[in-house]
1. Of the residues 54, 58, 37, which is under 13 Å from the mean Cα position of the chain (by Cα), among the small types (Gly, Ala, Ser), open to solvent by less than 60 Å² (accessible area, probe 1.4 Å) and over 17 Å from residue 167 (Cα atoms)?
2. So, in region 87-112, of the ones that are assigned to a strand (DSSP E or B) and at pLDDT below 90, which residue ends up surrounded by the fewest Cβ atoms within 10 Å (Cβ to Cβ)?
3. Cβ-Cβ under 9 Å, sequence separation 6+ or interchain: first residue in region 125-136 and over 13 Å from residue 162 (Cβ atoms) and of a type in the set (Lys, Arg), partner modelled with pLDDT under 90 and assigned to a strand (DSSP E or B). Which pairs?
4. Would you be able to say whether some residue in region 165-174 is outside any strand (DSSP E or B) and within 13 Å of the chain's Cα centre (by Cα)?
5. Return the residue satisfying two criteria in turn: it lies in region 176-210 and is in a loop (DSSP other than H, G, I, E, B) and closer than 17 Å to residue 68 by Cβ, and of such residues it is most open to solvent (accessible area, probe 1.4 Å).
6. Among the residues of region 1-23, how many are buried (at least 16 other Cβ atoms within 10 Å of the Cβ) and modelled with pLDDT under 90?
Amino acid sequence: MEKPWGILLLALGLALAQSVSEILDRVERNLQDPWQAVVQGQIQGPGGQEELKARVLAIPKENLFRIEFQKPGSLEGNFTVITEKEVWNYLYFTNQLIVSPKEKAQVQGLGFSPQGLGDLKGLSERVSLRLVGEERLPEGVAWKLVGRAQEGQGFATLELYILKNDPRPVRFVFRDEAGKVMADLRVVEFKKASLRPQDLKRYPKDAQVVRR
């Protein structure tokens, strides 16, 4: 009687393993059109735990994303723009726009990058995700994916929650090597939006542009 159960468990394990790419395909199809959302939650800052709140604007077909920081106070007024090849970090205090190649850029040192919200396949290339089950969240039932990050990502492991009835990410939990939570972020106020590339690329005309 053990063999049938063993085969059933093995088949279930294989089904879960194969579902990750299918889930990410569903998210990609669902997030093709421009959208905006608010990301909020707790992050581990230099002085301890801080509240993060930011607005994210996305045009996935253009590989174009913008994140506008509202909290904590140290980041208020800053924003980050991610293009296909570059990352632009605008620093409100110095009125500088720091432009870096995408592969070298650090996005505000938060341990996460906003393009992961829309480009989960890109994120999955840097984090070995696997499906571990489902969980009921305030937004509804969500798939729970977990994975270990490659070196140099700024975090060790990731928990990612994907809403089932409207495939999109609704929660990210980043942890360090010791398992301590670095950031616990929820995606709220999600909606499709009429956005143009120039809306996402705008910055103060008197800003000093610094290329690195």
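1. Numbers: 58 fails: over 17 Å from residue 167 (Cα atoms); 37 fails: over 17 Å from residue 167 (Cα atoms).
One residue alone meets the criteria, 54.
2. Taking region 87-112 as the starting set, the residues that turn out to be assigned to a strand (DSSP E or B) are 87-91, 96-101.
The next check asks that each one be at pLDDT below 90; those that pass are 87, 100-101.
Details: 87: 23, 100: 16, 101: 11.
Only one residue fits best here, namely 101.
3. Short answer, once both residue conditions are applied: 126/149.
4. Going residue by residue through region 165-174, those that are outside any strand (DSSP E or B) are 165-168.
In the following step, the residues that additionally are within 13 Å of the chain's Cα centre (by Cα) were identified as 168.
Within region 165-174 (the criterion being outside any strand (DSSP E or B) and within 13 Å of the chain's Cα centre (by Cα)), the answer is yes, since at least one residue qualifies.
5. Just the residues of region 176-210 that are in a loop (DSSP other than H, G, I, E, B), to begin with: 176-180, 193-196, 202-207.
From what's left, closer than 17 Å to residue 68 by Cβ: 193, 195-196, 202-204, 207.
Values: 193: 24, 195: 33, 196: 127, 202: 109, 203: 74, 204: 44, 207: 15 Å².
Per the criteria, the residue is 196.
6. Of region 1-23, the ones buried (at least 16 other Cβ atoms within 10 Å of the Cβ) are 20, 23.
Among the residues that remain, those that are also modelled with pLDDT under 90 are: 20.
So the count comes out to 1.
The values are calculated or read from the model by the stated rules, or taken from the named source; none is laboratory data. Keep in mind that this is a model prediction, so the values were computed, not measured. When we count neighbours, we look across all protein chains shown, and the Cβ atoms used for this are built from the backbone with ideal geometry, even at glycine. The accessibility values were calculated without ligands, DNA or RNA, using every heavy atom of the protein model including side chains. Shrake-Rupley method; radii C 1.70, N 1.55, O 1.52, S 1.80 Å.
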